[in-house]
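K.L.:
For reference, the structure I am asking about is given below.
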Amino acid sequence: MTDALSIARDLLRCPSVTPADAGALGVLEKLLGDAGFEVHRVTFSEPGAADIDNLYARLGTDAPHITFAGHTDVVPAGDEAKWTHGAFAGDVKDGMLYGRGAVDMKGGIACSVAAVLDYLAAIGGKPKGSISFLITGDEEDIAVNGTIKLLQWAAARGEKFDHCVLGEPSNVNEIGDTIKAGRRGSQSGTIIVDGVQGHVAYPHRASNPVPDIAAIIAAVSGDPLDNGTEHFQPSNLEFTSVDVGNPAWNVIPAQARARFNIRYNDRHTRESLRALIEERVTRASGNRIKAHVVWEPSNSDAFLTQPGPFTDLVSAAIEEVTGRRPELNTGGGTSDARFITHYCPVLEFGLVGQTMHQIDERTPVSDLEKLTKIYRGVLDRYFA
């Protein structure tokens, strides 16, 4: 069967917890191969990371070229005994499809495949341009052997994408309420304050880094990073851990560390943001405190797909099916759209994300049907 529900159930029955594929890409390979797509399975490697299988499939050689992107890997199920239905059973009960990945995002992939197959059947199998699928098994983990390398591989082959729809669960409450038109960037770091270890009874012989790092934390997080921009909410810095590695009650520690993460908008670049934080640390340290910042590697820059003909086209397809004009939103965490944006305009639109990563992750079957109709509407308009 090639309807979205059947495809989704086949995908859900593959326990593809990162980095395992467990047959998920094989489900798509057969469906797309049978429909005439040229299908490639590509494995990427990285020292210290698991090898990851990816899939690229294309039908047609001409422009315009629209690609549907997504990931078949999922987060662990957690305590499977707490699931009402098996995490990898693909059960349907009372109009709901249950399973890890039902929302994030095997359901979205199933809808895009079903819509494309339906569209091709209606037009005789050959689009007025090209349709492709860009599917990875490495999104939920460190994402080093997935979409970023698959895009590089495709570019080296001469592939050029005009637009992309990424089927992440973008909607907040109901299908049609939200398109993700961009994402904030993400940057992590650690502030390290060096002191002098000593006995608590002789503080004059030591230099305690604990009150010093507390003062720096207050200084760094005291003022807003910005007030937001036209399309983005304000950037925010959150401290996530403060640690001195000291199990003793009577020892002043030698060092204190404070870990933080920043979600930043398009007012900043990675470089300007780092410079801003380092300036605040330096100012708070004065001439006495010995502090510095260690930055974690980041591949998550802020980006925005500007409103225009493509956003209007997708919005019109959504409105036709749901009666709602979606909000163009840039909130939430990161996604593989941060990689795709360097190759073509990308919009994220999929299912409702309320149960993603939860016990009993699920989606209404009616939402699968609506999303399939929306993707079909996108194709009808795109190749009109």
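A short reminder: the numbers here are calculations on the coordinates, not readings from a lab. Just so it is clear, the structure is predicted and the values come from calculations on it, not from any experiment. Cβ: placed from backbone, ideal geometry, glycine included. Neighbour counts: every protein chain shown.
K.L.:
Out of 272, 190, 207, whose Cα points farthest toward the positive end of the dipole of the chain (charges: +1 Lys, Arg; -1 Asp, Glu; placed on Cβ)?
P.N.:
207
K.L.:
For Cα extents along the principal axes in Å, several values are listed as (i) 84, 47, 40; (ii) 85, 57, 47; (iii) 53, 49, 40; flag the one computed from this structure.
P.N.:
Correct label, based on the coordinates given: (i).
K.L.:
Test of understanding: what is the full-extension gain from residue 45 to residue 312, defined as 0.36 nm times their sequence separation minus their Cα-Cα distance?
P.N.:
The residue 45-residue 312 span can extend by a further 92.3 nm.
K.L.:
Where does the charge balance sit around residue 174 when Lys and Arg score +1, Asp and Glu -1, over other residues with C-beta under 9 Å from its C-beta?
P.N.:
-1
K.L.:
Could you give the size of the charge dipole of segment 185-295 about its Cα centre, using +1 on the Cβ of each K and R and -1 on the Cβ of each D and E, expressed in debye and rounded to the nearest 20?
P.N.:
My answer is approximately 360 debye.
K.L.:
Also: Enumerate the helices in the chain for which the Kyte-Doolittle hydropathy averages 1.6 or more and the C-alpha atoms extend at least 30 Å along the helix's axis, using complete DSSP H runs.
P.N.:
Counting only whole DSSP H runs, no helix qualifies.
K.L.:
Need one number: nm distance between label points at residue 204 and residue 271, each 7 Å from Cα along Cα→Cβ, rounded to one decimal.
P.N.:
Label at residue 204, label at residue 271, 4.9 nm between them.
K.L.:
Of 309, 16, 294, which is farthest towards the positive pole of the chain's charge dipole, taken about the Cα centre with +1 and -1 on the beta-carbons of Lys, Arg and Asp, Glu respectively?
P.N.:
Positive-end residue among those listed: 294.
K.L.:
Now a separate question. Between 171, 208, 250, which gets the highest mean-square fluctuation from a Gaussian network model of the chain, Cα cutoff 10 Å?
P.N.:
Among 171, 208, 250, the largest GNM mean-square fluctuation belongs to 250.
K.L.:
Also: Relative to the present Cα-Cα distance, how much length would full extension add between residue 82 and residue 215 at 0.36 nm per residue of separation?
P.N.:
Taking residue 82 through residue 215 to full extension adds about 43.5 nm, to one decimal.
K.L.:
Quick check: pseudo-label points 7 Å beyond the Cα along Cα→Cβ at residue 283 and residue 243, how many nm apart are they?
P.N.:
In this crude label model, residue 283 to residue 243 measures out at 3.0 nm.
K.L.:
Please build a GNM for the chain, connecting alpha carbons under 10 Å apart, and tell me which residue among 304, 225, 28 fluctuates the most.
P.N.:
Of 304, 225, 28, the most mobile in the Gaussian network model is 225.
K.L.:
If r is the Cβ-Cβ distance from residue 236 to residue 295 and R0 is 25 Å, what FRET efficiency results, to the nearest 0.05?
P.N.:
The computed FRET efficiency comes out at 0.90.
K.L.:
For the chain, give the share of DSSP beta bridges that are antiparallel, in percent and rounded to the nearest 5; count only bridges with both residues there.
P.N.:
Beta bridges within the chain, antiparallel portion: roughly 70 percent.
K.L.:
Given a Förster radius of 22 Å and the C-beta distance between residue 174 and residue 358 as r, what FRET efficiency does 1/(1 + (r/R0)^6) yield to the nearest 0.05?
P.N.:
So the FRET efficiency works out to roughly 0.80.
K.L.:
How far apart, in nm, are two points set 7 Å out from the Cα along the Cα-to-Cβ line at residue 261 and at residue 324?
P.N.:
Modelled inter-label distance: 2.6 nm.
K.L.:
Output the peptides 135-141, 182-188, 192-198 sorted from most to least packed, where packing is the average of other Cβ atoms within 10 Å over each peptide's residues.
P.N.:
Highest mean packing first, the order is 135-141, 182-188, 192-198.
K.L.:
Provide Rg over Rh for segment 185-295; use the alpha carbon set for both Rg and the Kirkwood Rh (inverse mean inverse pair distance).
P.N.:
Radius of gyration relative to Kirkwood radius: 1.06.
K.L.:
So, one more: Could you name the aspartates and glutamates whose alpha carbon sits less than 15 Å from that of residue 290, not counting residues in the same chain fewer than 8 places away?
P.N.:
Within the straight-line limit of under 15 Å, residue 290 reaches these aspartates and glutamates: 194, 212, 278, 279.
K.L.:
Okay, moving on. Roughly how many debye, to the nearest 20, is the charge dipole of segment 234-384 about its Cα centre, given +1 on each Lys and Arg Cβ, -1 on each Asp and Glu Cβ, and no other charges?
P.N.:
600
K.L.:
Pop the C-beta distance of residue 383 and residue 75 into the FRET formula with R0 = 35 Å and round what comes out to the nearest 0.05.
P.N.:
Computed FRET efficiency for residue 383 and residue 75 comes out at 0.50.
K.L.:
Taking H placed 1.01 Å from N in the peptide plane, check which residues at least 5 places from residue 196 or on another chain put their amide H under 5 Å from its amide H.
P.N.:
Result for residue 196 returns 207, 208.
K.L.:
Take 164, 111, 14, 344 and order them by how many other Cβ atoms sit within 10 Å, fewest up front.
P.N.:
Starting with the residue having the fewest Cβ neighbours, the order is 344, 14, 164, 111.
K.L.:
If you find the alpha carbon centre of segment 262-335 and of segment 170-190, how far apart are they in angstrom?
P.N.:
10
K.L.:
Given Cα pairs under 8 Å that are at least 6 residues apart, what percent is the relative contact order of segment 185-281?
P.N.:
Averaging sequence separation for qualifying contacts and normalising by length gives 40 percent for segment 185-281.
K.L.:
Same structure, new question: Strictly over 20 Å apart at the Cα level, which of 106/180; 30/106; 128/149 would you flag in this model?
P.N.:
As for pairs spanning more than 20 Å Cα to Cα, those are 128/149.
K.L.:
Counting only other residues whose beta carbon sits under 12 Å from that of residue 355, what net charge do I get with K and R as +1, D and E as -1?
P.N.:
Neighbourhood net charge equals -2.
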